[in-house]
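First the structure, in the form of structure tokens, and then the observations on it.
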Amino acid sequence: MKAILEAESRAVSAIPVSEAYSRAVALIIDRVHTRGGKLVTSGMGKAGQIAMNIATTFSSTGTPAVYLHPSEAQHGDLGLLRPDDVLLLISNSGKTTEILQLIELAHRLYEDLPVIVITGNNTSPLSELADEVLYTGGAPEVCPLGLTPTTSTTMMTVIGDVLVVNTMKQIGFTREEYAKRHHGGYLGSAARNKSTK
């Protein structure tokens, strides 16, 4: 257990830091908070689950976001896209067919739609199509087979957190605004109680 935790901790610590993060946040703020669009996340399989989590976290912290399943996009769900939106696409390999097709279809609808990518392959076809590439560093999976998304999904989640937190800081998102979006449960109660640490 300790070896797995150490391996994943090393992978997170080794995520390359670049100006792409600042540019990605600036894109999100411009498209969503200035132009009135939304953040649209997507991914297949485990990456899709991470993309969904990122979308819900953004939404609860003041940046409207939705998850678009890349396969369902080909059967009509692409219609949720609007010209001022921004795409955040996740693929560890950077070669996921459905995600590459999603970019093609999205640009056929709105050719200027910007694309932010989280990937473990910064020389992939997906990276070449992106406006901003957030590279995980490509650390190997801790899975004994080297196949099951484990380390890669941890890094994707962390990168999503970096985007969310920095966007919150840029827009000045407050506890009061959080409370308006998160009424139920402990977090809702904590948000309304200013004395809660």
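The values are calculated or read from the model by the stated rules, or taken from the named source; none is laboratory data. From a predicted model like this one, the values you see are computed outputs, not experimental measurements. With ideal geometry, Cβ positions are generated from the backbone for all residues, glycine too; neighbour counts draw on all protein chains shown. Just so you know, the surface numbers come from the protein's heavy atoms only, side chains and all, with ligands and any DNA or RNA stripped out. Shrake-Rupley method; radii C 1.70, N 1.55, O 1.52, S 1.80 Å.
If you filter the range 31-57 down to residues that are free of Cβ contacts under 8 Å to residues at least 40 places away in the same chain and over 22 Å from S93 (Cβ atoms), you find that the one that is least open to solvent (accessible area, probe 1.4 Å) is T56.
Scanning the range 66-113 for residues that are closer than 22 Å to R35 by Cα, open to solvent by less than 10 Å² (accessible area, probe 1.4 Å) and not β-branched (V, I, T) gives L68, L81, D85, L87, L88, L89, A106, L113. In the range 109-124, the residues that are in contact (Cβ under 8 Å) with a residue 60 or more places away in the chain reach residues that are open to solvent by 10 Å² or more (accessible area, probe 1.4 Å) and part of a strand (DSSP E or B) with C-beta atoms within less than 7 angstrom, at least six apart or across chains, in these pairs: I116/E132.
Figure legend. Inter-residue proximity from the range 168-180: first residues part of a helix (DSSP H, G or I), second residues surrounded by fewer than 17 Cβ atoms within 10 Å (Cβ to Cβ) and of a type outside the set (F, W, Y), beta-carbon distance below 7 Å, spacing 6+ or different chains. Indicated pairs: I171/H33; R175/K194; A179/G188; A179/R192. Where strands (runs of 3 or more DSSP E) fall entirely within the range 1-119, those with at least 1 residues that are out of contact with any Ser or Thr (no Cβ under 8 Å at 6 or more places or on another chain) are at 39-43, 86-91, 115-119. Being open to solvent by less than 70 Å² (accessible area, probe 1.4 Å), under 22 Å from the mean Cα position of the chain (by Cα), of a type in the set (D, E) and modelled with pLDDT of 95 or more is a description that does not apply to E177. Of all residues in the range 49-95, those satisfying the criterion of being under 16 Å from L134 (Cα atoms) and either modelled with pLDDT under 95 or in contact with a strand residue (DSSP E or B) (Cβ under 9 Å, 6 or more places away or on another chain) (or both) are I50, A51, I54, V86, L87, L88, L89, I90, S91, N92, S93, G94. Number of residues in the range 1-23 that are of a type in the set (A, V, I, L, M) and over 17 Å from V158 (Cβ atoms) equals 2.
Just one of the listed residues (V142, V162) is within 22 Å of A24 (Cβ to Cβ), aliphatic (A, V, I, L, M) and open to solvent by 40 Å² or more (accessible area, probe 1.4 Å), and it is V162.
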